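Derivation of every value follows stated rules applied to the coordinates shown; laboratory data play no part. Bear in mind the structure is a predicted one, so any value in this text is a computation, not a measurement. With ideal geometry, Cβ positions are generated from the backbone for all residues, glycine too; neighbour counts draw on all protein chains shown.
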Amino acid sequence: MSFAELGLEPRLLTAIETKGYTIPSPIQEKAIPAILAGDDVMAAAQTGTGKTAAFTLPLLQRLAKGHRAQANQVRALVLTPTRELAAQVAESVATYGVDLPLTSAVVFGGVKINPQMMRLRRGADVLVATPGRLLDLYQQKAVKFNQLEVLILDEADRMLDMGFINDLKRILSVLPKDRQNLMFSATFAEQIRDLAKGLMNQPVEINVSPANTTAPTVKQWLCPVDKKQKPALLQELIVSNKWTQVLVFCRTKHGCNKLAKWLVGGGISADAIHGNKSQGARTRALAQFKAGEVKVLVATDIAARGLDIDQLPQVVNYDLPNIAEDYVHRIGRTGRANQTGAAISLVCADEIEFLESIEHLIQKHIERDYIEGFIPVHALPPSRDLRSLKNKKPKKPKLKSEQLSLQAPNKRKPQVQSPLSKSNQRRSSTAGAGDTKVTKQNPWETSNRSRKRPAR
């Protein structure tokens, strides 16, 4: 099937051809006709399946037939969980709508609000926004929804995971009831269905891939290594394999900064993006990475959500994620649009339970590759048989009264974490705050003084 057979108009087909796409992906093939027909759509699709274009293309076609947005009004609202994803969606809207008489805008936090207010005075046919900044603009009467025709929730599961449910309810309460609703999510989890009940009208359900599956185009393997040797091993992999572009995931903001600084000190161009970075710094780092000016981009899960980098060859899990589902999203940054990619995880003995949770989720053991010179002193235990993990619910870690009192006010992190050992419980409580415990002596510095760096 071609894009022309989906009912898209010539101007959109030209934009698609310019992007180099010829055949629609499964999610595009099923979602585009339903959206063009005016149906509410509830779609589950994994990262890298082309879901942004799946709602952007039919949305632009429908809007092109109507009246333009008036001052401070919007006709279509796209809500995303992160700034990076908002910028990515806005870029897609501008790219595909280049030949259409439509206007678009993007608003998110971390930058000055006044320029955004000035931009919205002219109105926008398509507004891409993060929930918090949208509410700020609404409260200041900078945006109105009298003309709203379509609402799109992109990465709906992530918005709920990040604690945006109350913001979403406040936004929904001020929108007109007569509208088309589109929801795109990685899964149809129970909380997603609960949200859909009060939002959608007899939606068309689309599920193009099983939940929590990894793309066959991504080769996965892991390297067992001691924790203090991880930075040196990463450097060795980059140098020996002559990697020119690699996205590295760390669990904490502090860890991102620390690793990026270490790599730069070793002669490898690197930068970090995370929630504590200004939006300008994050945008510059991403632009330099895409342009090849920065070889390694070190990111947290939040900052990297929604990153769309053409033909990204490698993704490295420097730290395994606490949440097994995040592993799927991480490695989905590579192997996109039928391209091949590689996902490498550096795993120490302390992370065995995280590893088992991931392997249980994807229902396969990840191949292990021991690197000469980095054989761990503390051996990574063998993973348990997948059948022994199947249908076994994770145990909730036992928390002391002090830990419960500390966690009680944290309403922005509703995620259920993988089972942790007693030692890892203490570490995860600090990691959730976006920082790691700093000891008097840096273990990296100790190992680095006694070890030669690989020749380049």
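Are there any trypsin sites (Lys or Arg not before Pro) in the stretch 236-270 that are in a DSSP loop and have at most 10 other Cβ atoms within 10 Å? List them by number.
242
Quick one: order 22, 187, 80 by neighbouring beta-carbon count within 10 Å, fewest to most.
The fewest-first ordering by Cβ neighbours comes to 22, 187, 80.
Using θ = phi - 60° and the Karplus relation 6.51 cos²θ - 1.76 cosθ + 1.60, list the HN-Hα couplings for the stretch 62-74 in order, rounded to whole Hz, with x at every Gly or Pro.
5, 5, 4, 8, x, 7, 5, 5, 7, 4, 6, 9, 10
Any chance you could list the semi-axes, whole Å, largest first, of the equivalent ellipsoid that the Cα gyration tensor gives for the stretch 17-105, using √(5λ)?
So the equivalent ellipsoid measures 21, 16, 14 Å along its semi-axes.
Here is the link list: 230/290; 197/277; 169/290; 19/197. Which ones come out longer than 32 Å on Cα distance?
In this structure, 197/277; 169/290; 19/197 lie more than 32 Å apart at Cα.
For the peptides 235-241, 167-173, what is the packing order when you average, over each peptide's residues, the other Cβ atoms within 10 Å and list the highest mean first?
Listed from highest to lowest mean packing, they are 235-241, 167-173.
When we measure straight from the Cα of residue 253, which aspartates and glutamates land under 14 angstrom away, once same-chain ones fewer than 8 places off are left out?
271, 301, 319, 435
Using modelled amide H (1.01 Å from N, peptide plane; none on Pro or chain starts), what sits under 5 Å from the amide H of residue 179, excluding residues fewer than 5 places away?
Sorted by chain and number, the residues that satisfy this come to none at all.
Be a star and scan the stretch 152-169 for residues whose amide nitrogen sits under 18 Å from the point 7 Å along the Cα-to-Cβ vector of residue 205.
156-157
Starting from the Cα of residue 279, step 7 Å along the direction of its Cβ; do the same at residue 178; then give the gap between the two resulting points in nm.
3.4
Taking H as built 1.01 Å from N, whose amide H comes closer than 5 Å to the amide H of residue 205, not counting residues under 5 places away?
Excluding prolines and chain starts, which carry no amide H, the hits are 42.
Grab the Cα-Cα distance for residue 291 and residue 244, subtract it from 0.36 nm times how many residues apart they are, and report the gain in nm with one decimal.
Additional length available on full extension: 15.8 nm.
How large is ³J(HN,Hα), in whole Hz, for each residue of the stretch 96-110 in order, when computed from phi with the Karplus curve 6.51 cos²θ - 1.76 cosθ + 1.60 and θ = phi - 60°, using x for Gly and Pro?
Listing the rounded values in order: 6, x, 4, 9, 9, x, 10, 10, 9, 8, 9, 9, 7, x, x Hz.
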